[in-house]
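Worksheet: one structure, shown below.
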Amino acid sequence: MNPTWSVQTGRLLLQPVWGGDLADLCALKGDPRAFAVMLGGVRSAVETAEELAADVQFWGRHGFGMWTVRERTTSTFVGLVGILERSDGRGMALRFALRAEVQGHGYASEAAAGALRFGHERAGLRRIVAVAREINFASRMVLGAIGMRVCEEFDRDGLRMLVYESVR
């Protein structure tokens with residue numbers, strides 16, 4: 001792993017995903033409290049392993065991607081954050097998901113801000129988007145707190161979706 005791909009924040013360490021993260025990722029992506037609202041919903045262990053392989057390849061191609069989020073002092077797994085290309089053509093998108101037990105402590109904002117900063121400053125991305133359900137106030141609060149602004153709306157499966165952007 002390239003150490004320049006890691007990000008440190010006040011409380012967190014973001015490191016590119018790798019094979020050793022599979023158990024933590026299976027627990028996160030298999031938990032409906034954390035992943036039921038994600039596009040595609042809760043993942044099986046096989047789906048998680050396939051996504052992990054794709055995420056590792058994405059890092060190799062782009063020099064950015066998905067990070068595991070861990071507490072700096074304890075190395076406790078907190079969640080997942082990163083930037084991936086959206087399949088709908090909207091561009092590179094910030095994504096995040098945290099273990100249900102750690103939600104509400106500001107970790108999402110801290111991790112998302114670190115990933116966004118990396119995307120603009122180190123990966124050279126001029127525009128980064130994020131998509132949240134209109135009714136997902138927690139995600140919307142995170143996106144607003146890190147300076148992203150709504151730029152578009154669309155409907156998906158009967159749900160109103162908001163597209164946020166950060167442009168540098």
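Bear in mind that the values in this text are calculations on the coordinates, not laboratory data. Being a predicted model, the structure only gives us computed values, none of them experimental. Here the Cβ positions follow ideal geometry from the backbone for every residue, glycine too, while neighbour counts run over all protein chains shown.
General remarks:
- Here the Gaussian network model covers the chain, with springs between Cα atoms less than 10 Å apart; of VAL46, VAL81, VAL69, VAL46 fluctuates the most.
- Residue among SER109, SER44, SER139 with the largest mean-square fluctuation in a Gaussian network model of the chain, springs linking Cα atoms under 10 Å: SER44
- Calculated [222 nm] ellipticity per residue, helices only, for the chain: -8500 deg cm²/dmol; basis is -39500 (n - 2.57) per DSSP H run with n ≥ 4, divided by all residues, nearest 500.
- GNM result for the chain, Cα springs below 10 Å: residue of THR68, THR76, THR48 fluctuating most strongly: THR76
- Diffusion coefficient of the chain by Stokes-Einstein, Kirkwood radius over Cα pairs, 20 °C, 1.002 mPa s: 134 µm²/s.
- Here the stretch 16-82 is assigned +1 on the Cβ of each Lys and Arg and -1 on the Cβ of each Asp and Glu. Its dipole about the Cα centre then comes out at about 160 debye.
- Extending 7 Å from Cα along the Cβ direction at VAL150 and again at ALA53 yields two label points whose distance is 4.0 nm.
- In the chain, Cα pairs under 8 Å separated by at least six residues give a relative contact order of 17 percent.
- For the stretch 70-121, alpha-carbon Rg over 2.2 N^0.38 Å: 1.24
- Projecting the Cα atoms of ALA45, ALA115, VAL17 onto the dipole axis of the chain, where Lys and Arg carry +1 and Asp and Glu carry -1 at the beta carbon, places ALA115 farthest toward the positive end.
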